[in-house]
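This report refers to the structure that appears directly beneath it.
The values are calculated or read from the model by the stated rules, or taken from the named source; none is laboratory data. In this text, all values refer to a predicted model and were calculated from it rather than measured experimentally. Note: ideal-geometry Cβ built from the backbone for every residue, glycine included; neighbour counts use all protein chains shown.
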Amino acid sequence: MIGVLICAHGSLASELVRTAEKIIGHQDRVSSLSTTNSQSKRQLEIDANNLISELDSGDGVLVFVDSPGGTPANICLEIARERSDVEVISGVNLPMMLVLVERDTKRHVQDLAQAAVLAGRMTIENLSKMINGRTSRTKTVGAKGPKST
């Protein structure tokens, strides 16, 4: 089974796991790693490396991080450079986490990564535009500022 690590700033990682498991039930081989200001970068590297090794049962590990360029992403990318069976995806959100139930049907970590990215992208919407006839109005931003069309 593909392992999953969520690595993010503050308590976001643990809360995403907790919330996803409320919806889809307990998930084996899923762990979270939260970063804090008091934690050294070296300790985070050690913790991330250890968790990825523990989560890998031979099928690879999918790592979700909160933002590209952040410390969690940079550390996990360094690990992924050394291991072809580790995929790192940024912008983690709850719909991406819900694809964890597909881990039994996905044979490769790259396939699960693609499903997670698709789930994340498909659910990002400006929902306000869907109410009160606002779907026909769009705003464009040009050199002179926002303009309704």
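Going by what's in this entry, would SER53 be described as more than 15 Å from the chain's Cα centre (by Cα) and at pLDDT 95 or above? Here the answer is yes, as SER53 does meet what is asked.
Total residues in the stretch 87-107 satisfying the condition of being over 12 Å from the mean Cα position of the chain (by Cα) and either modelled with pLDDT of 90 or more or at positive phi (or both): the figure is 0.
Checked against (1) exposed (fewer than 10 other Cβ atoms within 10 Å of the Cβ); (2) outside any loop (DSSP other than H, G, I, E, B); (3) at pLDDT 70 or above, GLU125 meets all criteria but (2). Remark: SER14 matches the filter, which requires a residue to be under 13 Å from MET97 (Cβ atoms) and not in a strand (DSSP E or B).
To keep it simple, each residue is scored yes or no on (1) modelled with pLDDT of 95 or more; (2) more than 15 Å from ASP66 (Cβ to Cβ).
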site	(1), (2)
ILE2	no, yes
CYS7	yes, no
GLY10	no, no
ILE24	no, yes
GLN27	no, yes
SER31	yes, yes
ARG42	no, yes
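Return the only residue of GLU102, GLU54, GLU21, GLU78 being without any contact (Cβ under 8 Å) to a residue 12 or more places away in the chain, surrounded by fewer than 16 Cβ atoms within 10 Å (Cβ to Cβ) and not hydrophobic (A, V, I, L, M, F, W, C). I'd like the intermediate steps shown before the answer.
Numbers: GLU102 fails: without any contact (Cβ under 8 Å) to a residue 12 or more places away in the chain; GLU54 fails: without any contact (Cβ under 8 Å) to a residue 12 or more places away in the chain; GLU78 fails: without any contact (Cβ under 8 Å) to a residue 12 or more places away in the chain.
None of the others qualify; the one that does is GLU21.
Please work out if SER53 is assigned to a loop (DSSP other than H, G, I, E, B) and hydroxyl-bearing (Ser, Thr, Tyr). Here the answer is no, as SER53 does not meet what is asked. Within the stretch 1-12, being within 14 Å of CYS76 (Cβ to Cβ) and in contact (Cβ under 8 Å) with a residue 60 or more places away in the chain holds for VAL4, LEU5, ILE6, CYS7, ALA8, HIS9. Looking at the stretch 56-72, is at least one residue within 22 Å of SER11 (Cα to Cα), part of a helix (DSSP H, G or I) and acidic (Asp, Glu)? Scanning the stretch 56-72 turns up no residue that is within 22 Å of SER11 (Cα to Cα), part of a helix (DSSP H, G or I) and acidic (Asp, Glu). Determine if the stretch 16-29 includes at least one residue that is touching a helix residue (DSSP H, G or I) at 6+ places or on another chain (Cβ under 8 Å) and closer than 15 Å to ASN74 by Cα. Checked against the condition, which is being touching a helix residue (DSSP H, G or I) at 6+ places or on another chain (Cβ under 8 Å) and closer than 15 Å to ASN74 by Cα, the stretch 16-29 yields no hits at all.
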